[in-house]
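Read-outs: derived from the displayed coordinates by stated rules, not from any lab. Quick caveat, the model's predicted, so the values are computed rather than measured. Cβ: placed from backbone, ideal geometry, glycine included. Neighbour counts: every protein chain shown.
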Amino acid sequence: MKFTGTIHSKQPTTATSIFATMSGLAIEHQALNLSQGFPDFDISEEMISRVNHYMKQGFNQYAPMTGVPSLRKAISLTASNLHGITYDPDTEINITAGATQAIFTAIAAVIRDDDEAIIFEPAYDTYAPAVKVCGGRVKYARLQLPDYSINWEQTARLISSHTRMIIINTPHNPTGAVLSAHDMEQLSRLTQNTDILVLSDEVYEHLIFDGLQHESVCRYPHLAQRSFVIGSFGKTFHATGWKTGYVMAPENLMKEFRKMHQWVVFAANTPIQMALADMLADANNYTSLAGFYQQKRDLFLQLIAASRFKVVPSHGTYFQCLDYSAISDARETDFATTLVTQHKIATIPVSPFYHDGKDDKILRFCFAKKEETLRKAGEILCKI
């Protein structure tokens, strides 16, 4: 069956995402999959038990559009404990069907035709398309190698009278870089006395290593008052398939968010929200994540120490970037394909995270895996 009329695509240059492409190749070639960012180990039995409990208790119909009250209250308490800020659970917190939906909805709520949004490349691939489909224009600031830091002087030059939003991501996907207090102070300075909004993607907020602290925009009053803060329970509870996230924002921004949210998805999964509220009551469920994942990162680095790959420092997320320039001159997408087809290991090239395909010979590996998976990966990579 085929539509024979004319289709005027709103995303004419958009192709299949690199995540779907590499995961598809991994399945086709029965390769070890360190590409798409999801764990290969089981989630908490307690979490499953709580979801089952609420299903049996009859919590199987629509949740409130804003989210289950107990979960919104738990998020508010967590933000207060971690960052010293109080978000009103009724007017300033909303549960979403995953972080991607939250990001799209926040952008759709405020970006108008010809508004500009600044994003930092390499950038998670949902930001730019969301801005463009809403009629906005994207300006790209480039993170600086070798540590993927922000050049704030360059960023300042991108700001114009049309700048409506700056999108930040910390800890950063795909690189594992973490913004510092200095970065937040610079962002605060740039947006002072402007109408510029901030979208802060903080879905890996609990996955920070090496004694560093998560510098949420919540910690900076001037930034908090102009920011949409995005979180994800999929990352925190190893359950990416449950697609449950949230957004925190001042009441006047949240009003605009909810105007869009109700038409995009209306409500998120009810029994999962109820269970998550219970899980957040035990702070150890999220405060232990940094040590848990740093151990995996350190094991992965130990296992590839004898390889020819060069390590790009990762201080957060569950991704590790590796430089293969000492091994091959091939483009990232070609080398990643070779790894799947010839060496049976799947990874993600970083170049698709740039609008112009900038190629630095760097690949992203997901280490949110069982120890046996990481050991198999280490054996493969050391033979290349």
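Per-structure values
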{"quantity": "Value of relative contact order over the chain, rounded to a whole percent, pairs C-alpha under 8 Å and six or more apart", "calculated": "24"}
{"quantity": "Intensity falloff of the range 62-282 expressed as log10 I(q)/I(0), Debye formula with alpha-carbon point scatterers, at q = 0.11 Å⁻¹", "calculated": "-0.49"}
{"quantity": "For the range 63-76, 3J(HN,Hα) per residue [Karplus equation, 6.51 cos²θ - 1.76 cosθ + 1.60, θ = phi - 60°, Hz, x = Gly/Pro]", "calculated": "7, x, 4, 7, x, 4, x, 5, 6, 4, 5, 5, 5, 4"}
{"quantity": "Per-residue HN-Hα couplings for the range 354-366 [Karplus 6.51, -1.76, 1.60; θ = phi - 60°; Hz; x = Gly/Pro]", "calculated": "10, 5, 10, x, 3, 10, 10, 6, 10, 10, 9, 10, 8"}
{"quantity": "Under 25 Å from residue 369, Cα to Cα: lysines that are on another chain or at least 8 residues apart", "calculated": "235, 243, 296, 310, 344, 361, 383"}
{"quantity": "Distant-in-sequence amide H partners of residue 136 (H built 1.01 Å from N, under 5 Å)", "calculated": "114"}
{"quantity": "Surrounding net charge for residue 220, when Lys and Arg each add one and Asp and Glu each subtract one, Cβ distance under 12 Å", "calculated": "0"}
{"quantity": "Principal axis dimensions, the range 274-353 - Cα atoms, whole angstrom, descending", "calculated": "50, 27, 22"}
{"quantity": "From phi via Karplus (6.51, -1.76, 1.60), per-residue ³J(HN,Hα) for the range 187-204 in Hz, x at Gly/Pro", "calculated": "5, 4, 4, 5, 9, 4, 6, 10, 9, 6, 9, 10, 10, 10, 7, 10, 5, 9"}
{"quantity": "Neighbour net charge for residue 315 - beta-carbon separation under 12 angstrom, K R +1, D E -1", "calculated": "-2"}
{"quantity": "Beta bridges by DSSP in the range 62-282, antiparallel share as percent, to the nearest 5", "calculated": "30"}
{"quantity": "Theoretical ellipticity at 222 nm over the chain - DSSP helices of four or more residues, -39500 (n - 2.57) apiece, nearest 500", "calculated": "-11500 deg cm²/dmol"}
{"quantity": "Projected label distance in nm at residue 2 and residue 53, using a 7 Å step from Cα toward the beta-carbon", "calculated": "5.5"}
